[in-house]
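Notes for the one structure printed next.
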Amino acid sequence: MTSQRARARMIERLKEQGITDAQVLAAMSAVPRHIFVEEGIQHQAYDETPLPIGQGQTISSPYTVAISCQLACRGQRLERVLEVGGGCGYQAAILSRLAKEVVSVERITKLVGRARQSLRELRVNNVVVKNSDGSFGYPAGAPYDAIVVAAAMPYIPDEMKQQLKPGARLVAPVGAGDVQSLILVEALPEGGYSEKTLESVRFVPLLPGIS
Ligand code: SAH
């Protein structure tokens with residue numbers, strides 16, 4: 001079940017669910033998802049489900065990762081991307097195939113160590129994992145071609161939007177309960193931002209500070 005065949009089935013399912021970006025599908029087909037989860041649950045790695053990654057956190061389901069990447073990347077090859085909530089590093093590995101450079105910010109030190117190790121194992125060398133609170137983005141690496149937030153935010157702070165290049169997009173789950181709305185923000189080339197509310201999603205909450 002950890003084989004290329006399980007991954008191929010996941011790709012077919014993602015297509016049926018509306019993932020059309022060839023770059024995203026190719027990235028998800030190339031990156032072994034089972035490497036990022038505990039051995040005991042590796043047989044579930046390609047199912048359409050979130051999975052525990054320790055420290056009370058979860059790796060998002062394949063569809064959630066795919067739709068976030070598809071929306072953020074707009075079918076283009078990007079220079080620099082920010083991920084807030086790096087977790088086990090899986091989504092960062094996907095983004096590493098869609099952008100030249102990825103900055104992934106994670107507040108839990110233990111997860112940072114594991115993510116770095118898994119990314120090293122896969123010889124992904126264009127992702128920098130920072131042990132930092134990404135509630136307001138990561139200004140030191142700005143501006144970004146895309147920002148993908150993987151933890152539920154109460155609102156999207158202006159400081160984070162300001163880290164987008166003109167024309168760039170930010171995708172974030174916004175809401176206080178168990179179910180949130182996926183919000184797509186675009187930095188308009190003429191200035192200002194457009195904002196669209198998309199589908200309902202379930203993410204773990206964004207928390208302050210480093211742990
Ligand atoms: N994209 C991840 C899934 C992340 S789950 C993956 O592929 O595995 C959400 C992650 O956001 C958790 O690991 C959690 O610790 C982290 N997180 C929560 N609040 C944060 C914050 N303020 N800054 C950085 N990371 C945060």
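Computed from the coordinates by the stated procedures, all read-outs in this text should not be read as laboratory data. Quantities reported herein were computed from a predicted structural model and do not represent experimental measurements. Note that each Cβ is placed from the backbone with ideal geometry, even for glycine, and that neighbours are counted across all protein chains shown.
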Check your understanding: If we keep just the residues of segment 104-121 that are in a helix (DSSP H, G or I) and in contact with a strand residue (DSSP E or B) (Cβ under 6 Å, 6 or more places away or on another chain), which is nearest to the ligand (Cβ to nearest atom)?
Key -> 115
Study note, to complete from the structure: Of the residues in segment 1-30 that are within 15 Å of residue 69 (Cβ to Cβ) and among the small types (Gly, Ala, Ser), the one that is surrounded by the most Cβ atoms within 10 Å (Cβ to Cβ) is 27
Point to revise | Among the candidates 211, 200, 181, residue that is surrounded by 10 or more Cβ atoms within 10 Å (Cβ to Cβ), assigned to a loop (DSSP other than H, G, I, E, B) and not hydrophobic (A, V, I, L, M, F, W, C) | key: 211
Point to revise | Yes/no for residue 176 being surrounded by 15 or more Cβ atoms within 10 Å (Cβ to Cβ) and of a type in the set (Gly, Ala, Ser) | key: no
Review point. If you check 190, 195, 186, which single one turns out to be under 18 Å from the mean Cα position of the chain (by Cα), of a type outside the set (Lys, Arg) and away from the ligand (no atom under 13 Å from the Cβ)?
Key: 186
**Study point:** Filter result for the condition that a residue is under 26 Å from residue 135 (Cβ atoms) and of a type in the set (Val, Ile, Thr), over 35, 19, 67, 11
**Key:** 67
Exercise for review: Test residue 104 against the stated conditions and say whether it is in contact (Cβ under 8 Å) with a residue 24 or more places away in the chain, surrounded by 21 or more Cβ atoms within 10 Å (Cβ to Cβ), polar (S, T, N, Q) and within 23 Å of residue 32 (Cα to Cα).
Suggested key: yes
Review point. Could we say that residue 140 is among the small types (Gly, Ala, Ser), within 14 Å of the chain's Cα centre (by Cα) and more than 13 Å from the ligand (Cβ to nearest atom) here?
Key: no
Exercise for review: Only residues that are under 13 Å from the mean Cα position of the chain (by Cα) and farther than 25 Å from residue 165 by Cα: list them for segment 88-114, please.
Suggested key: 88
Practice item. Return yes when residue 76 is of a type in the set (S, T, N, Q), away from the ligand (no atom under 12 Å from the Cβ) and not in a strand (DSSP E or B) and no when it is not. Key: yes
Check your understanding: Is there any pair linking a residue in segment 117-136 that is over 16 Å from residue 105 (Cβ atoms) to one that is more than 14 Å from the ligand (Cβ to nearest atom) and of a type in the set (Ser, Thr, Tyr), with Cβ under 9 Å and at least six apart or on different chains, and which?
Key -> none
Practice item. Could you list, in sequence order, all residues of segment 128-163 that are more than 25 Å from residue 211 (Cβ to Cβ), assigned to a strand (DSSP E or B) and out of contact with any Asp or Glu (no Cβ under 8 Å at 6 or more places or on another chain)? Key: 146
Practice item. Among the residues of segment 22-61, write down those that are more than 9 Å from the ligand (Cβ to nearest atom), outside any helix (DSSP H, G or I) and among the polar types (S, T, N, Q). Key: 49, 61
Review point. Can you name every residue in segment 143-170 that is surrounded by 22 or more Cβ atoms within 10 Å (Cβ to Cβ), more than 11 Å from the ligand (Cβ to nearest atom) and among the β-branched types (Val, Ile, Thr)?
Key: 147
